[in-house]
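Working notes, structure below.
The values are calculated or read from the model by the stated rules, or taken from the named source; none is laboratory data. Bear in mind that the values here come from a model prediction, so they are computed numbers and not experimental data. Heads up, the Cβs are rebuilt from the backbone with ideal geometry, glycines too, and the neighbour counts pull from every protein chain shown. These accessible areas exclude ligands, DNA and RNA; they are computed on the full protein's heavy atoms, side chains included. Shrake-Rupley method; radii C 1.70, N 1.55, O 1.52, S 1.80 Å.
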Amino acid sequence: MKRFPEDMLGRTVIVTGAGNGLGLGIAKRLVAGGARVLFVDQDPVVLTRVEEGKQKTMSAMVKDLAEPGAAAAVFQYAKESLGAVDTLINNAAWSFHKPMTDVATSEFDRLIAINQRAPFFLAQEFLKQLPHAEDPAIVNIGSVNAQRGNPNLVPYAGTKGAIVAMTRAMAIEMASSGVRVNSICPAAIRTHVTEGLIASGVIEPEKLFQKYLIKRFASVEEIAELVAYLCSDAARYVTGADWEIDGGYCAV
Ligand SMILES: NC(=O)c1ccc[n+]([C@@H]2O[C@H](COP(=O)([O-])OP(=O)(O)OC[C@H]3O[C@@H](n4cnc5c(N)ncnc54)[C@H](O)[C@@H]3O)[C@@H](O)[C@H]2O)c1
């Protein structure tokens with residue numbers, strides 16, 4: 001079994017939403033473990049992130065994953081810049097906090113396009129282009145909102161529920177191709193998004209942590225480590241599973 005810093009050696013990975021927050025942390029962790037990684041984001045900052053990394057095993061692509069045809073374009077670029085992809089991390093997502101009465105159809109449709117449709121078509125492209133890889137793997141990033149209800153997050157919760165449900169169905173359909181598919185459901189992670197929500201009063205940490213057994217935010221590194229495990233050969237017997245990494249939130 002390969003161990004860090006070689007646990008990702010030989011893998012070629014696409015990480016979506018790798019310009020910021022969790023996606024950036026996951027992509028960096030996989031690079032540190034020896035993977036070749038394509039960082040994809042609609043935010044051009046992703047180019048700077050990869051430039052700063054100064055490694056030949058890192059590549060960047062600016063792409064809005066809600067565009068039809070985005071998945072094929074991403075896989076084409078990955079193949080040209082790094083080689084055939086054997087690992088996919090569906091991390092990019094959008095969220096907004098709004099009462100149900102304020103949600104516009106256009107917002108709902110864009111949310112579905114980013115959070116649910118893009119992961120599906122990226123997984124479809126993954127399957128179409130699957131190389132003769134040793135242990136191909138997909139990790140889909142869900143949320144505790146797939147498991148527990150919260151106000152002002154109804155459309156987002158729906159897309160994350162879809163991620164967990166699609167993960168199970170994908171694992172079954174892709175098993176004969178040797179692909180392992182898992183999802184993770186984090187609770188609140190300390191990122192620039194949560195910092196902003198605290199600053200604007202949408203998240204009140206004291207109130208939030210009343211629901212947690214471990215009364216703090218997760219760090220990006222803690223979540224990235226679980227993703228790395230699920231990609232690694234240590235997890236070769238693990239598929240079709242949803243992993244809550246939530247400070248005990250869903251246990252209560
Ligand atoms: N932060 C949390 O507390 C938390 C908790 C549970 C789950 N999550 C999940 O973790 C993942 C990462 O969240 P984060 O907190 O790092 O958010 P973030 O906003 O920091 O990062 C998301 C990234 O996705 C990119 N992105 C958004 N729409 C895109 C599109 N159409 N095309 C390409 N890229 C796009 C953004 O530019 C951004 O870089 C998401 O799936 C989110 O739902 C986050």
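What to note about this one:
- With respect to the conditions (1) of a type outside the set (S, T, Y); (2) more than 12 Å from the ligand (Cβ to nearest atom); (3) under 22 Å from A235 (Cα atoms); (4) outside any helix (DSSP H, G or I), E173 lacks only one, and its number is (4).
- The one condition in (1) outside any helix (DSSP H, G or I); (2) open to solvent by less than 40 Å² (accessible area, probe 1.4 Å); (3) touching a helix residue (DSSP H, G or I) at 6+ places or on another chain (Cβ under 9 Å); (4) more than 10 Å from the ligand (Cβ to nearest atom) that N140 fails to fulfil: (4)
- Residues located in the range 176-204, provided they are out of contact with any strand residue (DSSP E or B) (no Cβ under 8 Å at 6 or more places or on another chain), touching a residue at least 12 places away in the same chain (Cβ under 8 Å), away from the ligand (no atom under 12 Å from the Cβ) and not hydroxyl-bearing (S, T, Y): G178
- If you filter the range 19-49 down to residues that are of a type in the set (V, I, T) and open to solvent by 20 Å² or more (accessible area, probe 1.4 Å), you find that the one that is nearest to the chain's Cα centre (by Cα) is V45.
- Only one entry in A157, A123, A118 is open to solvent by less than 50 Å² (accessible area, probe 1.4 Å), in contact with a Gly (Cβ under 8 Å, 6 or more places away or on another chain) and within 16 Å of the ligand (Cβ to nearest atom), namely A157.
- The set of residues in the range 14-38 that are within 16 Å of the ligand (Cβ to nearest atom), among the hydrophobic types (A, V, I, L, M, F, W, C) and not in a loop (DSSP other than H, G, I, E, B) comprises I14, V15, L22, L24, I26, A27, L30, V37, L38.
- Residue check for C231: over 21 Å from G247 (Cα atoms) and surrounded by 16 or more Cβ atoms within 10 Å (Cβ to Cβ): yes
- Contacts under 9 angstrom Cβ, first residue in the range 41-66 being more than 21 Å from R11 (Cβ to Cβ) and assigned to a strand (DSSP E or B), partner open to solvent by 50 Å² or more (accessible area, probe 1.4 Å) and not β-branched (V, I, T), 6 or more apart: V62/Q42; V62/D43; V62/P44; V62/L47
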